[in-house]
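Quick notes on the structure that follows.
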Amino acid sequence: MSGAPLVTGMSPKEGPPGTKVTIRGERLGKSQSDLIGLDICGVNCLLTSEWVSPNKILARTLLCKTKGDIVVITRSGGVGASTVQFRGYLEASVGPTKESPVWVDETVSVGPRPLSMTAYQQEDPLQISVEGNDKKFPVEELLELFPEGSGNLRSENFVPAWFLLENHHATSFDDLKLGLNFLGRKVGSQTEGKLSFLKENISSVIDQLDALIALKEKCDKYRTKHGSSFVAQIDDAIGVSEREAGKLFQGVLAKKDRADMTRNALNGYQRFKFLFSLPGTMEKSIQKEEFDQAINDYSRAKALFEQPETDKPIFRKFQKEVETRAYKLRETLRNKLVEKPPKIEEQRAILDYLMTLQCDYDPAWVCLACHFEFLTNSMKNCFQQFSSMDSQNANTAKTPSKQDHQNALPNQVVFVENLCELFSTYFPDFWHLSQDYFGGKLPVKPNLSKQAEMKKMMISTVQLFGTLVTSCLLPSGSANTDEFEWQEKASESMSEWLQHCLGFIKDTYTDFLSLDPPKEMIEILRNLLFQIRCYSLEIMLHQLSTEVADLYKQETWSSEPMGDHGFVTPLPAKFETVIINASKVIKETLLQKYNEERPLLNNEEVKNRMREGMGNALSAFADSLELLISQNRGVSQFHSSQKSSMTLPLKDGGLRSGLPTSQTASLLLILNNCSYTKVVILPQIYKALVKLGYPDMSEAVEKARIAINGVENLTFAKYTEMKYEPVVGQIEQSMNAGRFDWEKCGEPVGVRPYITKTILGMIEVIAEVTAVSEKLVTTVMTQVIESVCEELTRLFSCIAKFSENGAMQATLDMAAFQDAVSGFLVGNSINLVNETFSLIPRSKEMLRSSRRIQHLLDEHRSKTKMQYQCLISSNTTKL
Amino acid sequence: MSPKTTTPSLHKVIMVGSGGVGKSALTLQFMYDEFVEDYEPTKADSYRKKVVLDGEEVQIDILDTAGQEDYAAIRDNYFRSGEGFLCVFSITESDSFQATQEFREQILRVKGDQSVPFVLVGNKSDLEDRRKVSKEDAENRAAEWGVPYVETSAKTRTNVDKVFFDLMREIRVRKDVEGGDKDAPNKHKKRKKLKCSIL
């Protein structure tokens, strides 16, 4: 049992007849002779077997058609078993020249497929190199030479001479001989080979012979049975089977056709699957705003639709679907473009998309137009929003983000702010887009003929901006803004926001300049800026005037000696500071050259207006001073009860502080201020203005000077009036004191007290004036004395009749008076004094002759020496 | 004869791998303790023998396939019948290592089973000096696939038995799991019956 051979390995495990196999296993015999049987798939292959070792046998398979065991039979072990099997099969193609020891179904290999002859022709039977056979032997000649022959080795009428002439007409004889030898050898070996092949496959050949003999026997038997017609029967049978086979074949063919069709359809579907789902995916992409995806898909689909295979109704249908989607997408994109101009990159992307979608219009132009419209509309809307808003609901309507900040701002400012923001945000995009459009940087081909229209649009945008701002900020009438009327015109408080607005507009302007736009557009903005600046200049100057005019409120009446000008309050200095500060501000904000702006001062009109304004501002100081005077009156009335005790404080070298010390004193201070302003402050202001680069302001200064002169005069008149009134007023009273009668009075005993009182009053005035300004003493006194003289003249002219004593008394009085004020007597007052003298009968003789008068006069003089001194010294110091 | 021998369980092993990596050498070494020096490309060889696996007699059926690409088309059929696979590459040839990926994929596709018994075998470990595929790379790949990696030498018989036996164990485990309660008792019955008849 255990000695039985066992096959455990087969290499290969399958193959056609004649396959060389290696059989492995155990106890496969001790030698070749020990091996007495080898069946592969039931076919005895012992003849072809070669024993190698007890574990290995080589063999060649024979006609094994099925799968089967490998059975090894040894003398020592008997019939073996196998754990492996061999599968034999017939090789499909056995060529006619391929040696095969088994039956081959030639109908398959030989029948329908003609063997290509070329494969055999290439082989030269003589094996002679064909090199150098360039020259072909002409075929016509060969045809002539061998009319019946052929050069084809396989044809029946093969003529060797033809072959030789055709292929080897240039070959040497020796070579031909060698070729012949080779051919001989080859033929010999083939016959020999055939013999050996037969020997090798003897059993097959014998089988085949047996089979042929059996066949012949059967045929003979059949013939004897059925006669010679059996061939016809067979033929019929063959015919029937052929038809049947044909039917079968047709059926199979039809099935195959259907399968092919289905497969093709599936392939087609697979290939164009994408197309069928395209409408859906496009829709989805569009919804998700993945336009890129959608457009890619679309272009892919388009390419596919252009292929001839897709020219089918079903594809057309889908193409239609896709086209509608694409149309929708176009619409969506267009709306996106139009709705609210997106960022420029986005815009570009959308334009790109639109171009790939091949829209029938110029999307860039549409985009530009939309942008324009949007810009215009949003600016207009902004205007409407703010202009129609009244201040009450303004706060609520504002954007909440800025609310805190804007609450305090007037509507106009917010509007300007918003408008500027709008403009700076959207205009550059607009501009860039148009630049890109005409510069060909967009994926769109620019339509250059639209350039003019573009320019118009640009300009109108800028113009709109200008118009809106103008109508908002500038007083109506300064610009023709019929279309846009700001409902609530700038209130007073607006002026202070002008600067603020100007700042915004300037920023916008700078942004605008950075775009490098054409000149015309810059000009528009420049004009706008210019106008606003002019306006704000005016406003500022006006404000300055108001401020200056309000200066009087700041008067503290604390005064300080100021050189020749006596005591001066800080008011003029304040005035100067205010003016200069304001000028600086004006210069900084309005006059400084800013980014190609038109300089304001180059304009003559502006210069004039500025001069005028400045003049107004300067002269406003005069108004202020004037106001002080009138105000002072009230104050002085209030202080009137104390007035008597309010003697003029002596100078103690320092500040004299406090409220208006007295009406008169403050008037004097005002006078001083006037002259100080005229002499010192105005030239200083002038110089400062020149230094600041203002145009010639001499006119303005002159105007101010005149105004101040007026005030000075007024003040002076006021003052003197105030001074001589008490002095003059008391004259009549004290002249008639004690019912004095010039007719009945006794002989004069001295100068009557009304004169001394008058003189004392005058001295008081001198003292007061001197305390404030010594300069003024003469002017004031001349006036005072003139008034006094006038009064005296009036009084004396009223006296009906003088007695002797009365005349003497009058003469004495007048002489004393004349004596005392001689220093101040000028022109009119001298005349008046003389007139008074002439009113007194015989006064001249008396003055010259009466000793008594002389005596009394001397007496008086010595009595009032100090007073004289006062009058004279104050006068002489001036002289 | 055959009815007398018990019918031990049969484990079908398939050798896969590029041409010339030593599939046949491994098989022949395992089957017949023989090392074939000369190289003759295999078409498809079949081997089957009894072995004792952990005390149990089993049959191993080895299908040695062609590594050459020419035969790639017919592999599907072979793979279908396989229960376990030895995927062989030569450590001296990185291309053969790369090819294991394809073999693995094809096997998984045909078997439709991620956990089919499978051993990655790096053959020709005796040619250490000509190594091109690092052990690490191979181990990484094996880990990635969740299969064992063994280096063998058909020449020195290193690990040859191990790979076949390891694979058979896996196949057995797998069959036990799959067969579950149905097969196991059946087999027992048969065996008992047979034993009885012998007695």
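The values are calculated or read from the model by the stated rules, or taken from the named source; none is laboratory data. Keep in mind that this is a model prediction, so the values were computed, not measured. Glycine gets a Cβ as well: all are built from the backbone with ideal geometry, and neighbour counts include every protein chain shown. Ligands, DNA and RNA are excluded from the accessible area calculation, which covers all protein heavy atoms including side chains. Shrake-Rupley method; radii C 1.70, N 1.55, O 1.52, S 1.80 Å.
Can A:E283 be described as open to solvent by 50 Å² or more (accessible area, probe 1.4 Å) and outside any helix (DSSP H, G or I)? Judged against the criteria, A:E283 is not a match.
Regarding B:E69, is this residue away from chain A (no Cβ under 14 Å), within 23 Å of B:S125 (Cα to Cα) and surrounded by fewer than 19 Cβ atoms within 10 Å (Cβ to Cβ)? I'd like the intermediate steps shown before the answer.
On the way: away from chain A (no Cβ under 14 Å): yes; within 23 Å of B:S125 (Cα to Cα): no; surrounded by fewer than 19 Cβ atoms within 10 Å (Cβ to Cβ): yes.
Spelling it out, it is not the case that B:E69 is away from chain A (no Cβ under 14 Å), within 23 Å of B:S125 (Cα to Cα) and surrounded by fewer than 19 Cβ atoms within 10 Å (Cβ to Cβ).
Restricting attention to segment B:39-58, the residues that are within 12 Å of chain A (Cβ to nearest Cβ) and without any contact (Cβ under 8 Å) to a residue 40 or more places away in the chain total 10. Among the helices (runs of 4 or more DSSP H) confined to segment A:633-750, the ones with at least 3 residues that are modelled with pLDDT under 75 and farther than 18 Å from A:V777 by Cβ are located at A:640-643, A:698-735.
Scanning segment A:19-59 for residues that are open to solvent by less than 40 Å² (accessible area, probe 1.4 Å) and within 14 Å of chain B (Cβ to nearest Cβ) gives A:T19, A:V21, A:T22, A:I23, A:R24, A:G25, A:L28, A:I40, A:C41, A:S53, A:I57, A:L58.
Taken over segment A:60-82, the residue count meeting the criterion of being open to solvent by 30 Å² or more (accessible area, probe 1.4 Å), of a type outside the set (A, V, I, L, M) and farther than 11 Å from A:L35 by Cβ is 5.
Against the definition (assigned to a helix (DSSP H, G or I), of a type in the set (D, E) and open to solvent by less than 80 Å² (accessible area, probe 1.4 Å)), how does A:D292 come out, yes or no? It is false that A:D292 is assigned to a helix (DSSP H, G or I), of a type in the set (D, E) and open to solvent by less than 80 Å² (accessible area, probe 1.4 Å).
When you scan segment A:8-17, do you find a residue that is open to solvent by 30 Å² or more (accessible area, probe 1.4 Å), assigned to a strand (DSSP E or B) and within 11 Å of chain B (Cβ to nearest Cβ), even just one? There is at least one residue in segment A:8-17 that is open to solvent by 30 Å² or more (accessible area, probe 1.4 Å), assigned to a strand (DSSP E or B) and within 11 Å of chain B (Cβ to nearest Cβ). Report whether or not B:L63 is under 16 Å from the mean Cα position of the chain (by Cα), closer than 20 Å to A:F86 by Cβ and either more than 13 Å from every other protein chain (Cβ to nearest Cβ) or aliphatic (A, V, I, L, M) (or both). When the stated conditions are applied, B:L63 passes them. Does B:D64 satisfy the condition of being acidic (D, E), surrounded by 15 or more Cβ atoms within 10 Å (Cβ to Cβ) and within 21 Å of B:G22 (Cα to Cα)? Yes.
The requirement of being basic (K, R) and free of Cβ contacts under 8 Å to residues at least 40 places away in the same chain is satisfied by A:K177. In the set B:R104, B:R80, B:R75, only one residue is more than 14 Å from chain A (Cβ to nearest Cβ) and open to solvent by 60 Å² or more (accessible area, probe 1.4 Å); that residue is B:R80. B:G17 satisfies every condition listed in (1) modelled with pLDDT of 90 or more; (2) in contact with a Ser or Thr (Cβ under 7 Å, 6 or more places away or on another chain); (3) within 14 Å of chain A (Cβ to nearest Cβ); (4) open to solvent by less than 10 Å² (accessible area, probe 1.4 Å) except (3). Note on segment A:147-252: enclosed helices (runs of 4 or more DSSP H) holding 3 or more residues that are of a type in the set (S, T, N, Q) and open to solvent by 60 Å² or more (accessible area, probe 1.4 Å) are A:173-200.
Any residue at all in segment A:276-294 that is modelled with pLDDT of 70 or more and more than 39 Å from the chain's Cα centre (by Cα)?
Going residue by residue through segment A:276-294, those that are modelled with pLDDT of 70 or more are A:276-294.
Subset that is more than 39 Å from the chain's Cα centre (by Cα): A:276-277.
Yes, there is a match, as at least one residue in segment A:276-294 is modelled with pLDDT of 70 or more and more than 39 Å from the chain's Cα centre (by Cα).
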